[in-house]
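So the structure is just underneath, and the comments pick up after that.
The values are calculated or read from the model by the stated rules, or taken from the named source; none is laboratory data. Here the structure is a predicted model, which means the values were calculated and not measured. Positions of Cβ are backbone-derived with ideal geometry, glycine not excepted, and every protein chain shown enters the neighbour counts.
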Amino acid sequence: MEKQVERETIYDGKVIRVYKDEVELDDGSRSVREIVQHNGGVCIALKHGNIYYMVKQYRYALERDMLEFPAGKIEKGEDPLEAILREVVEETGYKAENLREMGYVIPTCGYCTEKIYLYYAEAGEEVGQHLDKDERIDLYTYTFKEIKEMIANGTINDSKTIALAYRIEMEGLDA
C-alpha cells in the first residue's frame, strides 16, 4: 500500500484533472505519483443483422484517424448506462435494444483513473445522429469476421474496441 502524503493539482480541465501526489511507501520512503483523473467512458458494439457499426474519427493526440466501436465520455455525475444510451444515438443515430453489459476495462492503470464500460446491443429505431459540435465522425459497418481481421492485421488498434470484440467472441455473441 502507498499512503498519500500531499496532493498538488497541476491541471483542472474539461475532461481531465491532473495531480502530483507525494506518497509514502511501505518501507517509509517517499515517492511521487502523477495521476490523471477521468470520469470514465462507455463503448458499445451495436449490431444490426450480421453487421456492426464502427466509427472513424480523427484523434488529435495520436494525429491520425482511428476506427473504433462507438464510444464517449461519461459526464460528471452521469451513470454509465445513461451515458451509453446517449452516446449510441449521438454517434450512430440508432437507439439501443436488448442492451447487455459486458464489464469494463481500465485502459491505462499506471497513471489514470479512467474506466471504460463496455456494452453490446442490437440497433433499434433510427433517430439520426446528434454529434457534438466539435465531433467529426464517419459511420461504417463491418461483419464481426472483418473486425477480427482488422484487429489481427493492425488496422484496428484501439484497446476498448479490441477488448469488447474479445468479450463478444468469448460470450458467443458474434454468431
Within the range 132-147, track down each residue that is farther than 11 Å from TYR53 by Cα, within 18 Å of the chain's Cα centre (by Cα) and surrounded by 13 or more Cβ atoms within 10 Å (Cβ to Cβ).
GLU135, ILE137
Residues of the range 16-32 being surrounded by fewer than 11 Cβ atoms within 10 Å (Cβ to Cβ) and either among the acidic types (Asp, Glu) or within 26 Å of the chain's Cα centre (by Cα) (or both), in sequence order, are ASP26, ASP27
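Tell me which residues, restricted to the range 33-49, are over 22 Å from the mean Cα position of the chain (by Cα) and on the phi > 0 side of the Ramachandran plot.
Kept after step one, since they are over 22 Å from the mean Cα position of the chain (by Cα), are these residues of the range 33-49: 33, 49.
Hit for the range 33-49 is GLY49, nothing else.
Among the listed residues LYS76, LYS47, identify the single one that is out of contact with any strand residue (DSSP E or B) (no Cβ under 9 Å at 6 or more places or on another chain) and in contact (Cβ under 8 Å) with a residue 12 or more places away in the chain. Before you say what the answer is, go through the steps one by one.
On the way: LYS47 fails: out of contact with any strand residue (DSSP E or B) (no Cβ under 9 Å at 6 or more places or on another chain).
Step by step, each of LYS76, LYS47 is checked, and only LYS76 is out of contact with any strand residue (DSSP E or B) (no Cβ under 9 Å at 6 or more places or on another chain) and in contact (Cβ under 8 Å) with a residue 12 or more places away in the chain.
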Can you find even one residue in the range 92-103 that is in a helix (DSSP H, G or I) and at pLDDT 95 or above?
yes
Specify which of the listed residues (GLU126, GLU114, GLU122) is at pLDDT below 95 and under 22 Å from ARG86 (Cα atoms).
GLU126
How many residues, within the range 54-69, are in contact (Cβ under 8 Å) with a residue 12 or more places away in the chain and over 16 Å from ARG100 (Cα atoms)?
8
